[in-house]
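Read the structure below first, then the notes.
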Amino acid sequence: MSSLRIGLAGTGRIGTSHAETLKALPDVESVVVADVDTERARETARKLGVDFAPDIDTLLAADLAGLVITTATDSHPELILAAVERGLPVFCEKPIAADISGTLAVIERLTGSSVPVQIGFQRRFDAGYRAARAAVANGELGWLHSLRATTLDPTPPPAEYIPRSGGLFRDCGVHDFDIIRWVTGREITEVYAVGANRGEQFFVDAGDVDTAAVVLRMDDGALATVSLTRYNGAGYDVRLELLGSVGNAIVGLDDRAPLHSVEPDFPASPLPAYPGFMDRFRRAYTEELSAFVAVVDGTLANPCPPTEALEAFYVAEACELSRREQRPVTMREVREGH
């Protein structure tokens, strides 16, 4: 059994959760955390019983086997490249960079490198999405005609987060775009997106929307819809419905899904709805980080390389262009624009 020392940059909410998860993995001997907020990192290390580095440079020099990046988006490119230059395998929460140009620049710098960089799309490690992918692959559903995906947050993030989030499509919808590609094994060829603002003014001020609807055309002719919002008061609702010529599969339809039937003879679930993504995907995050440790150890191929993240980002970019210009946008147009 391997005994790996894993570094983690960024001790916000998801970084702290990842550090706790890493510490509990059997092949991880120790975890070292750092943050631009030194005191936050120090307190996180004390609370979790892991090692502390006073800055990122010290972290990178701490005899690590791999690095997990959960810092702000604008720091991702520099940290990814700094780690790869040191031969350290990287796990980085999406996105790779704040825009397509920055993403392409990082991918170009990584060309020819044998050091793996895994991008965080945790839905690929969720048991329901994996079962749906298997059902598609083995022909259980027949040919798909329709897909319906939702990412519905119960409450919006803080106002200061929105201007640097990349917008609703890049921040939230990108997970749906990635998982639709991954589950179906097909490519998205065209999008049409619309958005609305009925909530806080800070979305408008940032040029963003708080709610959106997207129609996707797949390369085999299937149609997909994606619904997104920051204001789903019933709870955190993430689902994917795959409808085929023979059968269907639904991911996220469990006793904690915030769906309330008004049919008089349909009993309501006694369980509370998921309050957010950390609860809904807790097991998936653990599986994802376990996979990264196996990548570091050389026993697993990279399950989500940067080129996969780029494809989902292209779709998000197309959606934003479609929303702003109120027209369908092909993926070819977005690719040729970069």
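The figures follow:
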read-out: The range 219-272: number of residues that are open to solvent by less than 90 Å² (accessible area, probe 1.4 Å), farther than 22 Å from residue 157 by Cα and β-branched (Val, Ile, Thr); value: 3
read-out: Spans of strands (runs of 3 or more DSSP E) in the range 188-280 with at least 2 residues assigned by the TED database to the domain that holds residue 129 and under 23 Å from residue 160 (Cα atoms); value: 188-196, 211-218, 223-229
read-out: Qualifying residues in the range 1-40 (those that are part of a loop (DSSP other than H, G, I, E, B) and under 15 Å from residue 289 (Cβ atoms)) - the one nearest to the chain's Cα centre (by Cα); value: 10
read-out: Any hit, the range 285-298, residues being part of a loop (DSSP other than H, G, I, E, B) and outside the structural domain of residue 84 (by the TED database); value: yes
read-out: Neighbours by Cβ (under 6 Å, 6+ apart or cross-chain): first from the range 101-112, polar (S, T, N, Q); second in a loop (DSSP other than H, G, I, E, B); value: 103/96; 103/97
read-out: Residue check for residue 75: assigned to a helix (DSSP H, G or I) and either outside the structural domain of residue 221 (by the TED database) or open to solvent by 20 Å² or more (accessible area, probe 1.4 Å) (or both); value: yes
read-out: Any hit, the range 302-311, residues being among the hydrophobic types (A, V, I, L, M, F, W, C), closer than 13 Å to residue 170 by Cβ and either in contact (Cβ under 8 Å) with a residue 12 or more places away in the chain or open to solvent by 40 Å² or more (accessible area, probe 1.4 Å) (or both); value: yes
read-out: Members of the range 86-103 found to be within 14 Å of residue 315 (Cα to Cα) and assigned to a loop (DSSP other than H, G, I, E, B), listed by number; value: 95, 99
read-out: Residues within the range 319-332 that are surrounded by 14 or more Cβ atoms within 10 Å (Cβ to Cβ), over 18 Å from the mean Cα position of the chain (by Cα) and in a helix (DSSP H, G or I), tallied; value: 4
read-out: Test: residue in the range 269-287 that is in contact (Cβ under 8 Å) with a residue 12 or more places away in the chain, touching a strand residue (DSSP E or B) at 6+ places or on another chain (Cβ under 6 Å) and within 28 Å of residue 111 (Cα to Cα); value: no
read-out: Residues (open to solvent by 30 Å² or more (accessible area, probe 1.4 Å) and either in a strand (DSSP E or B) or closer than 12 Å to residue 241 by Cα (or both)) located in the range 137-153; value: 145, 146, 148
read-out: All positions within the range 206-218 that are open to solvent by less than 30 Å² (accessible area, probe 1.4 Å), in contact with a helix residue (DSSP H, G or I) (Cβ under 6 Å, 6 or more places away or on another chain) and not acidic (Asp, Glu); value: 209, 212, 214
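So that you can scan it fast, the table gives a plain yes or no per residue for (1) of a type outside the set (D, E, K, R); (2) open to solvent by 50 Å² or more (accessible area, probe 1.4 Å):
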residue	(1), (2)
94	no, no
109	no, yes
114	yes, yes
120	yes, no
158	yes, yes
162	yes, no
168	yes, no
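The values are calculated or read from the model by the stated rules, or taken from the named source; none is laboratory data. Just so it is clear, the model here is predicted, and its values are computed rather than measured. Positions of Cβ are generated from backbone atoms using ideal geometry, with glycine treated the same way; all protein chains shown enter the neighbour counts. For the accessible areas, the whole protein counts, side chains as well, though only heavy atoms, and no ligand, DNA or RNA atoms are used. Shrake-Rupley method; radii C 1.70, N 1.55, O 1.52, S 1.80 Å.
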